[in-house]
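Report on the following structure.
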Amino acid sequence: MSRSPSAPASSLNSSGTSEVCSVDGDEATVYAPSSIGNVAVGYDVLGCIADVAGDRVTVRRIDEPIVRIAGIEGTVTDLPTAPEKNTATAGLLRMIDDLSLGFGFDVHLEKGIPLGSGMGGSAASAVGSAFAANALLDEPLPVDRVFTYALIGEAVASGAIHPDNVAPCLYGGVVLTRSVDPPDVIHLPVPETVRCVLVHPDRTVATRDARARLPERLPYDDIVQQTAHIASFVAGCYQGDIDLIGRSLRDFIVEPYRAELVPGFSSVKRAAMEAGALGCSLSGAGPACFAWARAGEAEAVRDVMVDAFTARDIPANAWVVRTDTPGARLV
């Protein structure tokens with residue numbers, strides 16, 4: 001089992017939101033961490049940082065107002081090199097156009113997050129490049145504008161704009177995105193004794209395929225039930241009520257349709273809950289799974305989740321992390 005690697009220093013300000021940064025010179029490198037989308041109860045609107053891996057994106061300012069991919073290395077190298085088709089560069093094309101820039105960007109991508117892992121790999125590339133390019137502007141944009149350009153990159157991978165991985169990767173912590181246009185991202189104050197368990201089995205699930213599994217219409221009762229649970233989840237976070245958070249971490253509208261994409265998921269979830277997890281679900285589209293647990297029970301939850309995958313002859317890496325760590329930052 002793996003543990004979270006050391007990460008660069010925080011770039012959050014006192015209010016918990018990411019600071020805009022600038023650099024002297026023509027080059028910036030940004031570390032963009034892995035994340036968990038949906039957090040069970042908040043399809044497409046809730047996200048949680050889970051800094052167990054990350055992409056490093058180096059952006060260099062060039063004289064011509066174009067975007068070029070200078071290189072791709074790391075866990076994945078077979079990625080599109082056309083800027084409009086790569087998650088790391090699509091948003092930069094829009095940035096050049098929107099701001100009428102007289103210069104452009106070379107982008108070098110070092111993938112630390114596997115694609116199709118359910119750990120926000122495409123979001124990390126999009127956030128890292130937008131954050132780095134912003135640092136090279138003569139007048140860096142507010143972080144909410146960086147968010148907008150990162151969303152454009154994420155949409156290239158999934159076919160739709162959804163902030164559940166982009167928001168935590170950029171802002172850090174646990175975040176609720178009320179709106180993307182205009183951006184309205186809210187940090188949720190999770191009790192400090194809560195830990196996140198992330199388990200990544202040796203499988204892949206394409207986000208586009210997972211989204212295609214969802215029905216066009218949902219039963220009215222399921223929507224009402226999910227609405228009640230996300231409201232009580234937010235209330236539990238603000239009240240510091242861990243039991244209420246646990247009662248609320250349930251997914252009635254996505255997990256039932258996606259669970260079969262992850263072999264052994266039902267056994268993994270059952271094992272986690274029996275070991276004391278507050279809740280357990282798919283991390284984004286999967287195949288990674290996550291659980292929230294009290295700090296004293298998190299390692300036991302991690303171990304039984306790994307054991308459940310092992311019983312299906314599926315190797316898995318697993319980590320226990322905090323939910324309040326920072327998002328993307330300059331290296």
*What pairs can you find where one residue is in the stretch 302-318 and aliphatic (A, V, I, L, M), the other is in a helix (DSSP H, G or I) and open to solvent by 80 Å² or more (accessible area, probe 1.4 Å), and their Cβ atoms are less than 8 Å apart, with a gap of 6+ or different chains?*
Val304/Glu274; Ala308/Arg270
*Quick one: count up the residues across the stretch 301-331 that are in contact with a helix residue (DSSP H, G or I) (Cβ under 8 Å, 6 or more places away or on another chain), open to solvent by less than 20 Å² (accessible area, probe 1.4 Å) and assigned to a loop (DSSP other than H, G, I, E, B).*
2
*Restrict the check to the stretch 276-296 and report whether at least one residue is in a helix (DSSP H, G or I) and either open to solvent by less than 50 Å² (accessible area, probe 1.4 Å) or within 25 Å of Pro163 (Cα to Cα) (or both).*
no
*Is it the case that the stretch 262-272 has a residue that's at pLDDT below 95, over 17 Å from the mean Cα position of the chain (by Cα) and open to solvent by 20 Å² or more (accessible area, probe 1.4 Å)?*
yes
*How many of the residues in the stretch 101-126 are touching a Ser or Thr at 6+ places or on another chain (Cβ under 6 Å), under 23 Å from Asp63 (Cα atoms) and open to solvent by 10 Å² or more (accessible area, probe 1.4 Å)?*
1
*Look through the stretch 127-161, keep the residues that are touching a residue at least 12 places away in the same chain (Cβ under 8 Å) and in a loop (DSSP other than H, G, I, E, B), and return whichever of them is most open to solvent (accessible area, probe 1.4 Å).*
Ile161
*Which of the residues spanning the stretch 69-105 are more than 25 Å from Met119 (Cα to Cα) and in a loop (DSSP other than H, G, I, E, B)?*
Ser100, Leu101, Gly102, Phe103
*Name the residues in the stretch 106-121 that are over 17 Å from Val156 (Cα atoms) and outside any loop (DSSP other than H, G, I, E, B), would you?*
Asp106, His108, Glu110
*asked:* On the basis of being modelled with pLDDT of 95 or more and open to solvent by 50 Å² or more (accessible area, probe 1.4 Å), does Glu19 make the cut?
replied: no
*Could you list, in sequence order, the residues of the stretch 54-81 that are of a type in the set (A, V, I, L, M) and in contact with a Pro (Cβ under 7 Å, 6 or more places away or on another chain)?*
Val67, Ile69, Val76
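The values are calculated or read from the model by the stated rules, or taken from the named source; none is laboratory data. As the structure is a prediction and not an experimental result, all values here were calculated from the model. Don't worry about glycine lacking a Cβ; one is built from the backbone with ideal geometry, like all the others, and counts go over all protein chains shown. Heads up: the accessible areas ignore ligands, DNA and RNA and are worked out on the full protein's heavy atoms, side chains in. Shrake-Rupley method; radii C 1.70, N 1.55, O 1.52, S 1.80 Å.
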